[in-house]
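Read the figures in this text as sums done on the coordinates, not as results from a lab. Every value quoted in this text rests on a predicted model; they were computed, and no experiment measured them. Note that we place each Cβ from the backbone using ideal geometry, even for glycine, and neighbour counts take in every protein chain shown.
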Amino acid sequence: MKKTTFIFLTFLIFYSCQKEESKSDFIGNWSATSDTNFDINITFSNDSILIENPVVYYDRNYSTRWKVIGKKIELEEAVWNYKFNLKKDSLLIKHQTDSVYDLSLKRIKNNYEFLENKLGFELRLPKTNEELIKVENKELFYNIYIGKENKSIIIRTDNNLKSINQIINKRSFLKISKTESNNKKLEKGFKIDTLTIALLSDKSINNNELDSIKSILKDYQIKRFFRIYNNEEYTKKDWKAEINWLGKYEN
């Protein structure tokens, strides 16, 4: 009898350890990839899960206890199915009643990875030996991120526009936050001559391609361009840390 009890207790301890070990693959920060329909961040810790910008069941940041059983993540009010990729740096999630994995998450280690994940491409900024200055008065800057995939140019903005035409058609560069210190305002933002376009261009973009983008913007009275260059101080372990860009003005 004692032997049977010992074996049973040993099995329970072993099984419990297995369950806790399975959590280790999840621990950390995850963010929805740019190709998903959700804007959601999830932080897994041993004791709880924090869901930021929830979209399905919750209308606010939500924190709850969680556990992993088999291929399911069990929350207090929901059960998810999940799949990892081989490297376990990408995670697919769906509600257990759904047929399709509609949420794709990327493991995020730092603030620069967080930005690249939102953009949907790797942003390898060029280096320069020239003296660089900080972006001052950020509300007067409009960021345009430029990358390349399969020889095609990719455009992104902070408000998720995906082409120069979208930027021009929506006049999104006019919708810059107003400040009392600026007296050159339009109904929805600053006058064009007060605005600077910050160009965050991957090093695969050549000068002719960049000049072509500038030329289109100049047709809409954009006069000021600020080229952002690489700096090792951009990357912080705090995955939500703001990046203070460095660059120089260009024609």
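Could you tell me which of the pairs Lys83/Lys162; Lys71/Lys203; Lys118/Lys138 are separated by over 31 angstrom between their Cα atoms in the structure shown? Pairs exceeding the cut-off: Lys71/Lys203. For the stretch 61-129, the Kirkwood hydrodynamic radius comes to 14.4 Å, computed from all pairs of different C-alpha atoms.
In this structure, the residue pairs whose Cα-Cα separation is over 27 Å, taken from Lys148/Lys214; Lys170/Lys236; Lys94/Lys148, are Lys170/Lys236; Lys94/Lys148.
The orientation-averaged shadow of the Cα convex hull for the stretch 192-251, equal to a quarter of the hull surface, comes to 5.0 nm². Length gained on full extension, Leu50 to Lys67: 4.8 nm, using 0.36 nm per residue less the C-alpha separation. Evaluating 6.51 cos²θ - 1.76 cosθ + 1.60 at θ = phi - 60° for every residue in the stretch 24-35, the Karplus couplings come out as 4, 5, 9, 4, x, 9, 10, 9, 4, 6, 5, 8 Hz, glycine and proline recorded as x.
Note that the stretch 239-251 has calculated 3J(HN,Hα) couplings of 5, 9, 4, 5, 9, 9, 6, 10, x, 8, 6, 9, 7 Hz, one per residue in order, obtained from phi through the Karplus relation 6.51 cos²θ - 1.76 cosθ + 1.60 (θ = phi - 60°); glycine and proline are x. Between Leu75 and Tyr220, the simple label model (points 7 Å from Cα in the Cβ direction) yields a spacing of 3.8 nm.
For the Cα trace of the stretch 18-108, dividing Rg by the Kirkwood Rh returns an Rg/Rh value of 0.91.
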